[in-house]
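A.B. asks: Encoded as structure tokens, here's the structure I'll be asking about.
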Amino acid sequence: MSSKPKVVPIPRVSGKFTPEELKEKFFKPSTPVILTDALSHWPAFGKWSMDYVKQQWGNVETPGLVYPGLPSYQNPYYHYESDWLIDKMRVSDAVDTIVNHPEVVCYLKSKPVNVYPGCDQDFDYKDLADCPRDQCIIHVWVGGKGTNTGYHFDSPDNVLVQVHGRKKVRLVAPADSKYMYPWQDHCGLSRMDPDNPQDWPDYANNVTVHEEILGPGDALVIPMLWWHQIIGLEPSISINVAMRLPEAKMCSDQLWTTPQYYRFYSNYWFEIGKAFVGFPRRIKLYASYSLGVAEGI
């Protein structure tokens, strides 16, 4: 038996693609790729840096989703957001921490583009998504070395564009979901620590990991339901564009085992009941409310 999973590279693809071509070539067949030069015309590349972010938006105060001193080890979903939260912090102070104190893992969690006034002049989401603005989720991510999302999956198709710095990415296909040790109270998050696969034998023995390093100009195509882990290798800035379309999949579309299905749905109603009677709602680090809690609010 293997102590670690099989690892293969993510294909790199050169050339320009229309949103319809991206959908037909990659999203529909559920094929992740890295677009190497499709967005090279975006002004953000070569322009956005930590200094630029500080100069342009340094006085912006984040609305409470800043994580200083984050744990860079193990799995972040064993921690809760409220334990690492600062209510308000200026972007300039966060950037200073990221740049000058690399021993302190600091992360400005995904922000809608309107938090950074004018930033959407430096990229065009319509190069990736042929949908109205209100049907797309467009966020900017700013973080330092050591940020680690843990394995999770998203319901819509998604593109992660690396603007500045480098990140390591790991992807696992939906067909391997039953080996990903999902949390009972949040089926979109994995409990395991991928850096210690020997402790998670189903993952180590059955899963194929698609792994690569993203650098400036790379755009990672992540089809819906693909598990992905994102690790900051150095101070970095990313943009992600997710398409909230009718064909977006749900947790129930994953290939779980029958016991996993029963655990998820029993916990779903349990969480709704807790929320209705007033139990505190806690979000795991880098995550959203579990479905049951969200619907019980």
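Computed from the coordinates by the stated procedures, all read-outs in this text should not be read as laboratory data. This one's a predicted model, so the numbers in the text were calculated from it and none came from an experiment. Ideal geometry is used to build each Cβ from the backbone, glycine not excepted, and the neighbour counts take in all protein chains shown.
A.B. asks: Say each of Ile283 and Tyr265 gets a label point 7 Å from the Cα, pointing the same way as Cα to Cβ; how far apart are those two points in nm?
C.D. replies: In this crude label model, Ile283 to Tyr265 measures out at 2.9 nm.
A.B. asks: Going Cα to Cα from Lys23, which lysines come in below 27 Å? Please leave out same-chain ones fewer than 8 positions away.
C.D. replies: Lys111, Lys126, Lys167, Lys168, Lys178, Lys249
A.B. asks: Which residues' amide hydrogens lie under 5 Å from the amide hydrogen of Val105, considering only partners 5 or more residues apart or on another chain, with H built in the peptide plane?
C.D. replies: Correct list: Gly69, Leu70.
A.B. asks: Rank by packing, highest mean first: peptides 209-222, 136-149, with packing defined as the count of other Cβ atoms within 10 Å averaged across residues.
C.D. replies: 136-149, 209-222
A.B. asks: Let's test the formula: R0 of 41 Å, r as the Cβ-Cβ distance of Cys131 and Glu234. What FRET efficiency results, to the nearest 0.05?
C.D. replies: Efficiency, from the Cβ-Cβ distance: 0.80.
A.B. asks: What are the residues whose amide H is under 5 Å from the amide H of Asn148, where those residues sit 5 or more places off or on another chain and H is modelled from the backbone?
C.D. replies: Gly232
A.B. asks: Can you work out ³J(HN,Hα) from phi for every residue in the range 143-158, in order, using Karplus 6.51 cos²θ - 1.76 cosθ + 1.60 and θ = phi - 60°, giving whole Hz and x for Gly and Pro?
C.D. replies: The phi angles translate into x, x, 5, x, 5, 8, 7, x, 5, 7, 10, 10, 6, x, 5, 8 Hz.
A.B. asks: Can you work out ³J(HN,Hα) from phi for every residue in the range 190-199, in order, using Karplus 6.51 cos²θ - 1.76 cosθ + 1.60 and θ = phi - 60°, giving whole Hz and x for Gly and Pro?
C.D. replies: After applying 6.51 cos²θ - 1.76 cosθ + 1.60, I find 9, 7, 8, 9, x, 7, 10, x, 4, 8 Hz.
A.B. asks: Shifting gears a bit: Arrange the peptides 40-53, 230-243 so that the one whose residues have, on average, the most other Cβ atoms within 10 Å appears first.
C.D. replies: 230-243, 40-53
A.B. asks: Could you sort the peptides 123-132, 180-189, 260-269 by per-residue average Cβ neighbour count (10 Å cutoff), highest mean leading?
C.D. replies: Final packing ranking: 180-189, 123-132, 260-269.
A.B. asks: Given the rule -39500 (n - 2.57) for each run of at least 4 DSSP H residues, summed and divided by the residues of the chain, what is its mean residue ellipticity at 222 nm, to the nearest 500 deg cm²/dmol?
C.D. replies: Mean residue ellipticity at 222 nm (helix-derived): -5000 deg cm²/dmol.
A.B. asks: Classify the range 103-256 as rounded, prolate or oblate from the Cα gyration tensor: take a ≥ b ≥ c as the square roots of its eigenvalues, call it rounded if a/c is under 1.5, otherwise prolate when a/b beats b/c and oblate if not.
C.D. replies: Since a/c reaches 1.5 but b/c is at least a/b, the shape of the range 103-256 is classed as oblate.
A.B. asks: On to the next question. How much net charge surrounds Trp183 when only the other residues with a Cβ under 12 Å from the Cβ of Trp183 are counted, with Lys and Arg +1 and Asp and Glu -1?
C.D. replies: +1
A.B. asks: Need the list of aspartates and glutamates near Lys4 for cross-linking: C-alpha distance under 14 angstrom, and skip anything on the same chain fewer than eight residues off.
C.D. replies: Result set, ordered by chain and number: Asp193, Asp195, Asp199, Asp202, Glu211.
A.B. asks: With only Lys, Arg, Asp and Glu charged, each at its Cβ (+1 for the first two, -1 for the last two), find how big the charge dipole of the chain is about the Cα centre; round to the nearest 20 debye.
C.D. replies: It works out to roughly 280 debye.
A.B. asks: Another one. What does a probe at Lys16 reach in the range 106-129, counting residues whose amide N is under 18 Å from the point 7 Å along Cα→Cβ?
C.D. replies: 122-129
A.B. asks: Only one of the values [x] 147; [y] 169; [z] 128 was calculated from this structure for volume of the Cα convex hull per residue in Å³; name its label.
C.D. replies: Of the listed options [x] 147; [y] 169; [z] 128, [z] comes from this structure.
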